[in-house]
Amino acid sequence: MRVEAKTLEEAYAKAAEILKCSVSDIEAEVIQYPSKGLFGLFAKPAIIEVEEYINIDKAIEKIKTELTQLFKKSCFNVEIKEVSKYDKETVYIFVDGEDAALLIGKEGFRYNALNYMLYNYVHQKYGFKVRLEIAEFLKNQKEKLEEYIDFFIEDKINKKGYGRTKPLNGILVFLALEILREKLPDKYVGIKERNGEKYIIVGDRYEYNSGNSDS
């Protein structure tokens with residue numbers, strides 16, 4: 001959003017009024033500095049390109065309040081136990097309660113659906129990613145996935161230098177991406193989709209050939 005005013009101070013104040021926030025919550029790029037011109041002629045206004053800055057700590061408070069109200073209206077006997085900062089780009093949400101297993105669903109079907117919904121909501125409204133934990137579902141899934149990835153690295157990557165994982169779905173795709181990038185920092189690691197299935201491919205960072213994949 002571009003904002004014009006006679007001075008930079010007025011431009012920032014105008015932007016804060018439009019966005020209904022504090023001037024300190026605004027990030028802006030100065031497109032044009034103001035100039036008085038000569039004898040009042042050819043004067044130029046201040047122009048800034050504004051992006052609202054959302055503090056993650058402030059966002060966490062609002063997200064917890066909103067999600068608590070949302071889950072109170074649901075048919076599941078669960079509650080928001082924690083909403084905290086996972087990293088500078090991600091909000092951690094921990095849900096638990098009597099119906100946690102029902103909320104997760106068979107093979108994590110409901111978990112994946114809820115994770116998708118919460119991600120879209122939080123990302124669109126606040127600009128942050130989401131890491132959702134229900135009971136210890138995510139922790140258990142990650143532990144099982146790490147066992148598989150250790151075997152995958154030993155069986156494929158250490159022998160051939162490249163390979164692809166088995167098809168993965170939902171949160172497992174992103175967990176696998178995270179784990180493999182941590183374990184193989186010098187390799188190219190990315191998500192690929194084929195015939196509606198997603199999997200992770202690993203290869204040389206600068207010489208990766210998409211044809212080098214296991215069938």
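The values are calculated or read from the model by the stated rules, or taken from the named source; none is laboratory data. Everything numeric here is computed off the predicted structure, so don't read it as measured data. Note: ideal-geometry Cβ built from the backbone for every residue, glycine included; neighbour counts use all protein chains shown.
Name the single residue, out of those in the stretch 158-215 being among the polar types (S, T, N, Q) and modelled with pLDDT of 95 or more, that is surrounded by the most Cβ atoms within 10 Å (Cβ to Cβ). Write out each step before concluding.
Start the filter on the stretch 158-215 by keeping residues that are among the polar types (S, T, N, Q), which leaves 158, 165, 169, 195, 209-210, 212-213, 215.
Okay, now just the ones that are also modelled with pLDDT of 95 or more, so 158, 165.
Numbers: Asn158: 10, Thr165: 23.
Step by step, filter the stretch 158-215, then rank; the result is Thr165.
The residues in the stretch 83-119 that are among the charged types (D, E, K, R) and either surrounded by 14 or more Cβ atoms within 10 Å (Cβ to Cβ) or at pLDDT 95 or above (or both) can be counted, and the count is 5.
Considering each residue of the stretch 9-58, count those that are in contact (Cβ under 8 Å) with a residue 12 or more places away in the chain and part of a helix (DSSP H, G or I), and give that number. Quick ask: steps written out before the conclusion?
Of the stretch 9-58, the ones in contact (Cβ under 8 Å) with a residue 12 or more places away in the chain are 10-12, 15, 18-19, 21, 25-34, 44-57.
After this cut, where a residue has to be part of a helix (DSSP H, G or I) as well, the list is 10-12, 15, 18-19, 25, 56-57.
So the count comes out to 9.
Among the residues of the stretch 64-97, the one identified as in a loop (DSSP other than H, G, I, E, B), touching a strand residue (DSSP E or B) at 6+ places or on another chain (Cβ under 9 Å) and among the polar types (S, T, N, Q) is Asn77.
Looking at Lys6, Lys14, just one residue is farther than 27 Å from Lys125 by Cβ, outside the structural domain of Lys125 (by TED's automatic domain parsing) and out of contact with any Leu (no Cβ under 8 Å at 6 or more places or on another chain), and that residue is Lys6.
What is the one condition in (1) outside any helix (DSSP H, G or I); (2) of a type outside the set (A, V, I, L, M); (3) without any contact (Cβ under 8 Å) to a residue 24 or more places away in the chain; (4) in the same structural domain as Asp96 (by TED's automatic domain parsing) that Glu61 does not satisfy? Only one criterion in (1) outside any helix (DSSP H, G or I); (2) of a type outside the set (A, V, I, L, M); (3) without any contact (Cβ under 8 Å) to a residue 24 or more places away in the chain; (4) in the same structural domain as Asp96 (by TED's automatic domain parsing) is unmet by Glu61, namely (1).
The condition (being among the basic types (Lys, Arg), within 20 Å of the chain's Cα centre (by Cα) and under 14 Å from Leu172 (Cα atoms)) is satisfied by just one residue among Lys125, Lys129, Lys139: Lys139. When Val122 is tested against (1) modelled with pLDDT of 95 or more; (2) hydrophobic (A, V, I, L, M, F, W, C); (3) in a helix (DSSP H, G or I), just one condition goes unmet, and that condition is (1).
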